[in-house]
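Heads up: the structure comes next, in structure tokens.
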Amino acid sequence: MGERGPLCVGIDPHPSLLSAWGLSDDVDGLRRFSLAVVEAVGDVAAAVKPQVALYERHGSAGLAVLEDVLEVSAEAGVLTIADAKRGDIGSTMAAYADAWLGEGSPLAADAVTLSPYLGFESLRPALDAAAATGRGAFVLALTSNPEGASVQHTGGAHSVARTVCEAAGAENARYAGEPFGSVGLVVGATVGDAVVRLGLDLAAMGGPILAPGLGAQGATGAVLRSTFGAAAPRVLGTSSREILAGGPSRTGLRERAERALADLV
């Protein structure tokens, strides 16, 4: 983010986008789509965020494409966030941690998204793996989908979202003096005044903030700065559909990524 600016480009190979690019909804189309995005934005964005489910729908061959995307991204020098939203308990969570954060795993990304709704401490294997490997975990805290409020806003002054934020801050206390800890939060770019209303102190949380919702969902750089206030320098703004609509042209993708980045800074 310091070198390139705070833009994350989502790699979301939806069937409709594959079709719009003139690609087939199969493994070949998946590969061509994904690698084209990395080639176009790999030296512009701070990170790319492949949506894991859209690779899983193609079975083992789709996951092999995801492995290639992670490898090619590393070669391009762009960070990777596997948008897997994993969350479980015990040995199952440990297996997820090995898969997405473990040294030597073909699916290991620079960071992975996690769901804390079996309890924040259930994520312990992944939190420890991130700390041990120098990778990161982005934990869902305050999402912008309407259904999210029924869980995340529950508790008033002691909301679930605030509890998750404070738990992430406690994890990051071990990184005193460093710019970011290994635990970040996912907070939607379009959550409006919910950050203030629920009492989330994101500036003191100690980690980065992944904020999906730029572009097609209506958020802009100005919206991010207003929503996140003092925490805005920690925000990695994510745009997917707005940038991907510029494909299959490499120039079109790159121009849209550069435009999104300029709006953020």
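The values are calculated or read from the model by the stated rules, or taken from the named source; none is laboratory data. Just so you know, these numbers come straight off a predicted model, no measurement behind them. Backbone-built Cβ (ideal geometry, glycine too); neighbour counts: all protein chains shown. Surface areas here come from the heavy atoms of the whole protein model, side chains and all, with no ligands, DNA or RNA. Shrake-Rupley method; radii C 1.70, N 1.55, O 1.52, S 1.80 Å.
Here the chain is assigned +1 on the Cβ of each Lys and Arg and -1 on the Cβ of each Asp and Glu. Its dipole about the Cα centre then comes out at about 600 debye.
Which order do peptides 99-111, 160-172, 53-65 fall in by mean Cβ count within 10 Å, highest first?
Values: 99-111: 19.1, 160-172: 21.0, 53-65: 16.0.
In descending order of packing, they fall as 160-172, 99-111, 53-65.
Please report the spacing between the Cα centers of the range 158-193 and the range 1-66 in Å, no decimals. Their Cα centres are 27 Å away from one another. Take the chain with all the other protein chains still there, run a 1.4 Å probe, and you get 41 Å² of accessible area per residue. Once both labels are positioned 7 Å from their Cα atoms along Cα-to-Cβ, the gap between Asp128 and Thr251 label points is 5.4 nm. The charge dipole of the range 1-149, taken about the Cα centre with unit charges on the Cβ atoms of Lys, Arg (+1) and Asp, Glu (-1), comes to about 280 debye, rounded to the nearest 20.
Surface listing: Met205, Met1 arranged by accessible area from highest to lowest gives Met1, Met205, probe 1.4 Å. With the simple spin-label model, which puts each label point 7 Å out from Cα in the Cβ direction, the Arg259 to Ala20 separation comes to 1.3 nm. Sequence-ordered 3J(HN,Hα) estimates for the range 162-172 from the Karplus curve with 6.51, -1.76 and 1.60 and θ = phi - 60° stand at 5, 4, 5, 4, 5, 5, 5, x, 5, 4, 7 Hz, glycine and proline given as x. Normalising the Debye intensity of the chain to I(0), with uniform scatterers on Cα atoms only, and taking log10 at q = 0.10, 0.16 Å⁻¹ returns -0.46, -1.24. Dividing the helix sum by the residues of the chain, where each DSSP H run of 4 or more adds -39500 (n - 2.57), gives a mean residue ellipticity at 222 nm of -12000 deg cm²/dmol.
In whole percent, and with a 1.4 Å probe on the protein chains, what portion of the accessible area of the range 1-123 is carbon and sulfur? The C+S portion of the solvent-accessible surface of the range 1-123 is 51 percent.
Roughly to the nearest percent, how much of the accessible area of the range 148-265 is carbon and sulfur, given a 1.4 Å probe? Present the calculation step by step, with values, prior to reporting the outcome.
Details: 2840 of 5160 Å².
Carbon and sulfur together cover 55 percent of it.
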